[in-house]
Amino acid sequence: MDIARQEQIQGKIYTIRNQQVMIDKDLAELYAVETRRLNEQVKRNMEKFPSDFMFELQEDEKNELIAKCDNLQSLKFNPSKVKVFTEQGVYMLATILKSKIATEVNISIMRTFVRLKNQAVPYFDIIKRLEAVEVDNKDTKELLNKVVQVVSNMQNIQNEAKNNTRKIGFINDNKKR
C-alpha cells in the first residue's frame with residue numbers, strides 16, 4: 001500500500017524554478033481536505049513558510065503547469081494564486097495539519113522525496129571516483145573524461161525518466177549560471 005501511495009505522490013511532484021514541489025491542490029487532495037482549508041491554515045501560520053518552503057506561482061508558470069498537466073485543468077479559471085510547497089514546506093505542513101491522514105500522507109511524501117534523491121546517488125558516486133583517478137597518460141585521461149561525460153548524461157536521462165517529474169518554469173538568461 002505504501003509503495004502505491006508513493007507512486008501516486010511521485011506523479012504529483014513537479015520541478016518548478018529548479019525545485020521539486022507539490023501544489024496546494026494536490027496536497028489538499030492527499031490530506032482529504034479542501035484546498036481553501038489547507039491554505040487558510042498556511043495563512044494563519046505564515047511564519048512557518050518562508051519563500052524556500054512555499055511560494056506562489058506567477059501567472060505564466062500557472063498557465064504552463066495547466067497546459068502540461070491535464071489533471072490540473074480545474075486551476076485554469078481559479079482566481080486564487082497557486083501555492084507550491086518544497087519538501088521542507090510539506091514537512092512544515094505536518095506541524096499545522098494534525099489529522100491522522102495528514103501524518104500518514106506526510107510520511108509517504110517524505111519517503112518519496114528521499115527515494116527520488118537516492119536514485120541519483122550511484123551515478124554521482126561513479127563520477128566522483130572517475131574524477132579522482134590520476135592518470136599520466138594523455139589518451140587515458142581523455143578517455144576517462146569522455147566516460148565521465150557519458151555517465152553524467154546517463155544520470156540526466158535516468159533522472160528525467162525515473163523521477164517522472166514534470167518540469168515547468170523559465171530560465172532567466174540574465175542570471176549567471
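The HN-Hα couplings worked out from phi for the range 43-57 by the Karplus form 6.51 cos²θ - 1.76 cosθ + 1.60 (θ = phi - 60°) are 4, 5, 10, 4, 5, 8, 10, x, 4, 8, 9, 7, 8, 9, 6 Hz, whole numbers, x standing for Gly and Pro. Quote the charge dipole size of the range 1-41 about the Cα centre in Debye, to the nearest 20; the model charges only the Cβ of Lys and Arg (+1) and of Asp and Glu (-1). About 140 debye. Taking θ as phi - 60° and the Karplus parameters 6.51, -1.76 and 1.60, the scalar couplings of the range 15-25 work out to 9, 10, 6, 6, 10, 7, 9, 10, 8, 4, 4 Hz in sequence order, x denoting glycine and proline.
Remark: the range 74-86, residue by residue, has Karplus-estimated 3J(HN,Hα) of 5, 7, 3, 9, 7, x, 6, 6, 7, 9, 10, 10, 6 Hz, where x stands for each Gly or Pro and the curve is 6.51 cos²θ - 1.76 cosθ + 1.60 at θ = phi - 60°. Using every pair of separate Cα atoms, the Kirkwood estimate puts the hydrodynamic radius of the range 29-86 at 12.5 angstrom.
Semi-axes, largest first, in whole Å: what does sqrt of 5 times each Cα gyration tensor eigenvalue give for the range 1-56?
Those come to 21, 16, 9 Å.
Computed as a quarter of the hull surface, the mean projected area of the alpha carbon convex hull for the range 2-118 stands at 7.0 nm². Across the range 12-73, the mean sequence separation of Cα contacts (distance under 8 Å, 6 or more residues apart), normalised by length, yields a relative contact order of 14 percent. For the set Lys43/Lys100; Lys12/Lys76; Lys68/Lys98, the pairs lying more than 23 angstrom apart at their alpha carbons are Lys68/Lys98.
Here, each number is a calculation from the coordinates, and none is a lab measurement. Just so we're clear, the structure is a prediction, and the values are computed from it rather than from any experiment. Neighbour counts are summed over all protein chains in view; Cβ atoms, including those assigned to glycine, are modelled from backbone coordinates with ideal geometry.
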